[in-house]
Amino acid sequence: MKVLLLACWIVGGLAGTAAVANDGEPTQASCLASVAAARELAERLPAGDASRYFAERDLQQALTEAGNGEFDDCLEWAEQATVEIKEHRHTLKPGETLNVRPAEE
């Protein structure tokens, strides 16, 4: 599912956006590459890991920014996710769980 979502972003976005900018501005391609790299790092952590959870939220925001054409912001969110994963900022004590509420609440 994640691969399909990423493929849709790439195919849909490249049709309307140049893949390389001459003035050094971030592009959708560079943004999506950063998101993919950060997602690969996140998937190495256990599914219930708090840092993985927060990194995945950052990556969702990065893709939202990319969808809005804000590729510089996308790169910042992808970088924030990468730092979250590498520094492992959020940890849970043994027996603790992350209480994530459904979106409806």
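Overview of values
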| quantity | calculated |
| --- | --- |
| Residues of the range 70-100 that turn out to be assigned to a helix (DSSP H, G or I) and of a type in the set (Lys, Arg), as a count | 1 |
| Subset tally (residues that are under 30 Å from Gly24 (Cβ atoms) and touching a residue at least 40 places away in the same chain (Cβ under 8 Å)) for the range 48-76 | 8 |
| Residues being over 25 Å from Leu98 (Cβ atoms) and in contact with a Phe, Trp or Tyr (Cβ under 7 Å, 6 or more places away or on another chain) - total across the range 31-69 | 3 |
| Condition check for Leu45: at pLDDT 95 or above, of a type outside the set (Ser, Thr, Tyr) and under 30 Å from His90 (Cβ atoms) | no |
| Any hit, the range 61-69, residues being assigned to a loop (DSSP other than H, G, I, E, B), surrounded by 10 or more Cβ atoms within 10 Å (Cβ to Cβ), modelled with pLDDT of 95 or more and within 14 Å of the chain's Cα centre (by Cα) | no |
| Residue that is modelled with the highest pLDDT [pool: residues in the range 70-99 that are touching a Phe, Trp or Tyr at 6+ places or on another chain (Cβ under 7 Å) and surrounded by fewer than 20 Cβ atoms within 10 Å (Cβ to Cβ)] | His90 |
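The values are calculated or read from the model by the stated rules, or taken from the named source; none is laboratory data. Please read all numbers here as calculations on a predicted model, not as lab measurements. Using ideal geometry, Cβ is built from the backbone for each residue, glycine included, and neighbour counts are taken over all protein chains shown.
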